Amino acid sequence: MAIEYLKRGKPDADRAEDDAKVAEIVGATLKQIETEGDAAVRALANKFDGYDRGSYRLSDAEIKDIIAKVSPREMEDIRFAQEQVRNFAKAQRDSMLDIELETLPGVILGHKNIPVQSVGCYVPGGKFPMVASAHMSVATASVAGVPRIVACTPPFEGEPNPGVIAAMYLGGAHEIYVLGGIQAVGAMALGTETIDPVHLLVGPGNAFVAEAKRQLFGRVGIDLFAGPTETMVIADDTVDAEICA
């Protein structure tokens, strides 16, 4: 029986060429942000998201107005999800005990768990709002006791997505910016005139965000190099469609 390929990946040579192009674009863009600061961030936000505003950081009043658009059911879902994430994160934190041991008279060894002093949480949302990413990054940083939590997400259909902003706020973000892509990651890691740099970057993103994190690693810490998420479900008419979805 002949093998039938439903989907083939790009040839290695084509992928290498694509990767090189992405790396070149990201490198030049990060240099632009480092050199021009807020002006570069604004230019990139306009170019890629068509989004311009006086400050990309949301004020407390704006956050409250945006969250007011979230339906009671959605807010209930967000609170429920964050409670589950927080409970497990607390259990994880409590399992990592500080120790101190005097192995010989005057010889004291040990370790202590200290949270990073600032973290930048990137929450994708250009094509579809990723509310769960806010739970998994912002809420866990809050449980860890990070003193400064910065969160960035791109506009969705021309404006901040209420569900994502609510998840960021309830998760414990201290600063929320409506920025996406390289400009968000670059601004958080490198800093600008109005955005202080962070010590750690976390969160998924597209190929450009992933490459930006790779190039910034060393100047800041990162969580991991996330690859594309690919899922295929093979089902017939006997399955539960809702569970498959």
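Do you know which residues across region 195-220 are under 24 Å from LYS21 (Cα atoms) and open to solvent by less than 40 Å² (accessible area, probe 1.4 Å)? Listed by number, the residues that qualify are LEU201, VAL202, GLY203, GLY205, VAL209, ALA210, GLU211, ALA212, LYS213, LEU216, VAL220.
For first residues located in region 189-217 and over 14 Å from VAL116 (Cβ atoms), partners that are among the β-branched types (Val, Ile, Thr) and not in a helix (DSSP H, G or I) and lie 6+ apart or on another chain with Cβ distances below 7 Å form the pairs GLY203/VAL123; LYS213/ILE222.
Of all residues being in contact with a Cys (Cβ under 8 Å, 6 or more places away or on another chain) and of a type outside the set (A, V, I, L, M, F, W, C) in region 158-201, which is modelled with the highest pLDDT? Just the residue, please. Among residues in region 158-201 that are in contact with a Cys (Cβ under 8 Å, 6 or more places away or on another chain) and of a type outside the set (A, V, I, L, M, F, W, C), the one modelled with the highest pLDDT is TYR177. Region 78-181 holds strands (runs of 3 or more DSSP E) entirely within its bounds, and those carrying 1 or more residues that are within 13 Å of the chain's Cα centre (by Cα) and of a type in the set (Gly, Ala, Ser) map to 118-122, 148-152.
Within 30 Å of VAL220 (Cα to Cα) and surrounded by 15 or more Cβ atoms within 10 Å (Cβ to Cβ), is that true of VAL70? No, not satisfied.
Residue check: is PHE156 farther than 30 Å from GLN84 by Cα and aromatic (Phe, Trp, Tyr)? Taking the combined requirement at face value, the residue does not satisfy it. Does region 159-169 include one or more residues that are touching a helix residue (DSSP H, G or I) at 6+ places or on another chain (Cβ under 8 Å) and within 21 Å of LEU224 (Cα to Cα)? Yes, region 159-169 contains at least one residue that is touching a helix residue (DSSP H, G or I) at 6+ places or on another chain (Cβ under 8 Å) and within 21 Å of LEU224 (Cα to Cα). Considering the conditions (1) among the hydroxyl-bearing types (Ser, Thr, Tyr); (2) more than 13 Å from the chain's Cα centre (by Cα); (3) more than 20 Å from TYR51 (Cβ to Cβ), THR194 is excluded by exactly one of them, (3). Entry remark, region 46-69: residues being outside any loop (DSSP other than H, G, I, E, B), in contact with a helix residue (DSSP H, G or I) (Cβ under 6 Å, 6 or more places away or on another chain) and over 13 Å from ALA166 (Cα atoms) number 1 in total. Filtered by the rule that a residue be in contact with an Asp or Glu (Cβ under 8 Å, 6 or more places away or on another chain) and of a type in the set (D, E, K, R), region 130-173 gives a lone residue, ARG148.
The values are calculated or read from the model by the stated rules, or taken from the named source; none is laboratory data. If you're wondering where the values come from, they're calculated on a predicted model, not measured in any experiment. Glycine also receives a Cβ, built like all others from the backbone with ideal geometry; neighbour counts cover every protein chain displayed. Quick note on the areas: whole protein, heavy atoms, side chains included, nothing else; ligands and nucleic acids left out. Shrake-Rupley method; radii C 1.70, N 1.55, O 1.52, S 1.80 Å.
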